[in-house]
Amino acid sequence: MRHFHSYVLLSAICFLQGHCFDIPLDRQRWRTTKTLFNTQHHKQHKDSHGNKEQDLVTSRQPHHLSNGRGTFLGFRNAKDVPGLKASVEPLMPDGGLSPCVIRVLGVGGGGCNAVDRMLETAVGGVEYWAINTDAQALGRSKALGAKVLNIGSSVTRGLGAGGDPSIGELAAEESAADIAAMIQGTDLCFITSGMGGGTGSGAAPVVAEIAKESGALTVAIVTKPFAFEGRRRMRQATDAIDRLRKNVDTVIIVSNNKLLEIIPDDTPVTAAFRVADDILRQGVVGISEIIVRPGLINVDFADVRSVMKDAGSALMGIGTGVGKTSAEDAAIAAISSPLLDEPVQDATGVVFNILGPRTLSLQEVNRAARVIYDNVHEDANVIFGALVDDDIVDEVSITVLATGFNGNTQPEADTAKVDVPDFLSGRRG
């Protein structure tokens with residue numbers, strides 16, 4: 001009876017409020033209040049019989065508005081109200097502050113070295129991972145700030161793949177669940193590796209397959225070994241790249257032998273490998289920066305996807321310029337870079353990034369863009385961004401990525417044409 005008397009009293013008050021004082025009664029508010037009363041009564045009734053408490057659709061306590069202007073008493077979620085759609089939805093994904101979640105995965109020794117180089121000039125909003133079968137080698141990457149994943153602990157016991165791609169493949173398959181969890185939620189996934197070894201050649205295609213199946217735009221940037229590394233590594237690299245092509249949207253292949261044309265003759269071996277790592281870094285940074293960093297001309301992820309989705313093989317050129325015509329000189333150097341094995345005139349998709357000082361003018365950007373437009377296919381889809389860096393004084397750098405070649409061009413040379421030194425090939429002079 002006590003509950004019944006409370007109900008009658010509440011009804012009388014609302015009746016007087018709406019009629020005696022001539023104040024319009026909010027019918028929705030009344031229905032909500034009535035629902036609260038009935039729900040609370042139902043809860044107490046159920047508790048008295050020792051039954052499990054049911055989830056409440058409504059809240060007994062008022063919710064404070066974020067603007068501090070008042071409170072409301074009603075449904076917790078709009079989905080709980082029949083016919084009412086939610087008007088506020090998250091603007092950013094769970095992956096971070098950037099609308100585009102970018103992850104860089106360095107696979108194997110060469111890939112991890114490239115990630116280490118990237119961390120020295122890390123792009124904000126990009127997550128870096130070092131993946132290797134050699135647990136000891138991952139220590140340096142972790143110290144520099146990369147997240148690490150030691151794959152194939154049962155297969156290799158953390159001791160490496162011994163230059164055998166089949167061991168690297170088994171290691172990646174063993175850790176497939178960990179790799180999938182790491183990639184989950186990624187929009188743009190870079191896989192960087194030095195082909196020819198055991199972990200890079202064996203694991204990179206498996207990692208790429210998992211990344212693409214997750215729905216991420218998957219871009220592989222890999223190197224082929226120097227000639228002095230021997231025929232076996234070159235053959236393993238070629239086989240691995242063939243498998244990699246089937247599991248990525250775009251693969252960019254840099255032949256280390258090409259670097260011999262752009263580095264001085266007296267360059268030490270260690271410095272030559274650092275140059276190879278830096279080429280991988282520039283490819284990743286060149287694409288990531290135009291998405292993540294605001295600039296004179298902004299590019300979004302959808303623009304990049306339109307060029308690189310299912311594009312097959314791609315070519316990369318890097319050029320720099322100094323002085324009054326620095327932007328034009330950099331553009332010319334990029335499209336005629338020794339790293340390009342084919343002319344860009346056949347490219348139907350191009351992404352290029354201009355990076356210059358604060359004084360970089362729109363006219364300079366226009367002249368550099370004109371050089372690119374005049375030297376690619378007339379119907380090419382060209383996406384470009386222009387960024388400024390306060391640390392740069394007078395130099396302009398341009399990175400060009402060309403895709404969409406007819407016949408899915410495979411620009412790298414065949415292993416039979418590689419000039420291997422006699423002492424490595426077993427021949428005697």
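Would you please name the residue that is nearest to the chain's Cα centre (by Cα), looking only at residues in segment 205-245 that are open to solvent by less than 50 Å² (accessible area, probe 1.4 Å) and hydroxyl-bearing (S, T, Y)? Step by step, filter segment 205-245, then rank; the result is T218. Restricting attention to segment 196-231, the residues being farther than 20 Å from I287 by Cβ and aliphatic (A, V, I, L, M) number 4. Please enumerate the residues belonging to segment 305-334 that are touching a strand residue (DSSP E or B) at 6+ places or on another chain (Cβ under 6 Å) and part of a helix (DSSP H, G or I). Matches in segment 305-334: R305, V307, M308, S326, A327, D329, A330, A331, A333, A334. Whenever a residue of segment 216-227 is farther than 14 Å from P205 by Cα, its partners that are among the charged types (D, E, K, R), lying with C-beta atoms within less than 7 angstrom and at least six residues away or across chains, give the pairs A216/D187; L217/D187; L217/D249; L217/R305; L217/K309; K224/E412; P225/R233; A227/D419.
Can you tell me which residue in segment 114-144 is most open to solvent (accessible area, probe 1.4 Å), limited to those that are part of a strand (DSSP E or B) and over 21 Å from Q282 (Cα atoms)? Among residues in segment 114-144 that are part of a strand (DSSP E or B) and over 21 Å from Q282 (Cα atoms), the one most open to solvent (accessible area, probe 1.4 Å) is D134. Within segment 270-288, residues that are at negative phi and open to solvent by 30 Å² or more (accessible area, probe 1.4 Å) sit with their Cβ atoms under 9 Å from residues that are in a helix (DSSP H, G or I) and polar (S, T, N, Q), at 6+ positions apart or across chains, in these pairs: F273/N113; F273/N256; R274/N113; V275/N256.
Being farther than 18 Å from G323 by Cα and free of Cβ contacts under 8 Å to residues at least 12 places away in the same chain, is that true of even one residue in segment 377-395? Scanning segment 377-395, I find at least one residue that is farther than 18 Å from G323 by Cα and free of Cβ contacts under 8 Å to residues at least 12 places away in the same chain, so the answer is yes. Name the single residue, out of those in segment 137-169 being in contact with a strand residue (DSSP E or B) (Cβ under 6 Å, 6 or more places away or on another chain) and among the charged types (D, E, K, R), that is modelled with the lowest pLDDT. Restricting to residues being in contact with a strand residue (DSSP E or B) (Cβ under 6 Å, 6 or more places away or on another chain) and among the charged types (D, E, K, R), the top hit is K142.
Being within 22 Å of I191 (Cβ to Cβ) and either part of a loop (DSSP other than H, G, I, E, B) or touching a Leu at 6+ places or on another chain (Cβ under 8 Å) (or both) is the filter here, so list the residues in segment 260-292 that pass it.
V275, A276, I279, G283, G286, I287, S288, E289, I290, I291
Among the numbered conditions (1) loosely packed, with under 14 Cβ neighbours inside 10 Å; (2) of a type in the set (A, V, I, L, M, F, W, C); (3) part of a strand (DSSP E or B), the only one that A302 does not meet is (3). Tell me yes or no: at least one residue of segment 293-315 is acidic (D, E), farther than 20 Å from V254 by Cα and under 19 Å from the mean Cα position of the chain (by Cα). There is at least one residue in segment 293-315 that is acidic (D, E), farther than 20 Å from V254 by Cα and under 19 Å from the mean Cα position of the chain (by Cα).
The values are calculated or read from the model by the stated rules, or taken from the named source; none is laboratory data. Here the structure is a predicted model, which means the values were calculated and not measured. With ideal geometry, Cβ positions are generated from the backbone for all residues, glycine too; neighbour counts draw on all protein chains shown. Ligands, DNA and RNA are stripped out before the accessible areas are found, and what is left, the full protein with its side chains, is counted by its heavy atoms. Shrake-Rupley method; radii C 1.70, N 1.55, O 1.52, S 1.80 Å.
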